[in-house]
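These notes are about the structure you will find just below.
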Amino acid sequence: MLQASIQQLGQIISDHAARLYKISNEDFSFKRLPHKWSKKEILGHLIDSAQNNIRRFVVAQYEELPKIVYNQDKWVAAADYQGYPVKDLIDLWVLLNKHICTVLMNISPGAEKREAMSEALHSIEWLAADYSKHLLHHLHQVLDLPPVAYP
């Protein structure tokens, strides 16, 4: 199952990166409502998610039941993704997700069953599959594609 998640994430990167680069800065920056995230901030949220999941995937391999959570809104605000150059955001998103693929490919056999606490206790294998679902959910929002359900 971990190999399928790695392949899916690689496919998501190759399918969606070029589309992201085609979105205008105006469209990326537009906020429908002041309290809602712009597409830039959604992409920033995906960058934060990547960073936290990298930590989960690594730390769960050597610590017993690490708890790695974060406050999404505070992270997005602290990073000021709204003020970021779009190309830099996309480049960072691509590189972090390629790094996740590398981290997952280097997990020792059997270690994918080790667990970490996010909102609940899950295996690395489950977290990797869930990560791609979460990623697709938000990428479809950014790219104005049909919605992808995510719990």
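For the reader, a short list of remarks on this structure follows.
- Cross-chain or 6+ apart pairs with Cβ under 6 Å, segment 95-122 first and under 19 Å from residue 17 (Cβ atoms) and in a helix (DSSP H, G or I), then at pLDDT 95 or above and of a type outside the set (A, V, I, L, M, F, W, C): 101/10
- Selection within segment 65-84 - surrounded by fewer than 12 Cβ atoms within 10 Å (Cβ to Cβ) and in a loop (DSSP other than H, G, I, E, B): 65, 69, 71, 80
- Pairs linking a residue in segment 130-150 that is at pLDDT below 95 to a residue that is among the aliphatic types (A, V, I, L, M) and open to solvent by 30 Å² or more (accessible area, probe 1.4 Å), with Cβ atoms under 7 Å and 6 or more positions apart or on different chains, are 148/136.
- Unmet requirement for residue 37, which otherwise passes all of (1) open to solvent by 30 Å² or more (accessible area, probe 1.4 Å); (2) farther than 23 Å from residue 128 by Cα; (3) aromatic (Phe, Trp, Tyr); (4) under 15 Å from the mean Cα position of the chain (by Cα): (4)
- The sole residue among 105, 117 that is at negative phi and modelled with pLDDT under 95 is 117.
- Inclusion of residue 42 among residues that are under 14 Å from residue 138 (Cβ atoms), touching a Lys or Arg at 6+ places or on another chain (Cβ under 8 Å) and open to solvent by 10 Å² or more (accessible area, probe 1.4 Å) is not warranted.
- On the stretch given as segment 101-119, residues that are among the aliphatic types (A, V, I, L, M) and open to solvent by 40 Å² or more (accessible area, probe 1.4 Å) total 2.
The values are calculated or read from the model by the stated rules, or taken from the named source; none is laboratory data. None of the values given here were measured: they were computed from a predicted structure. Here Cβ is always computed from backbone atoms with ideal geometry, including for glycine, and neighbour counts include all displayed protein chains. Quick note on the areas: whole protein, heavy atoms, side chains included, nothing else; ligands and nucleic acids left out. Shrake-Rupley method; radii C 1.70, N 1.55, O 1.52, S 1.80 Å.
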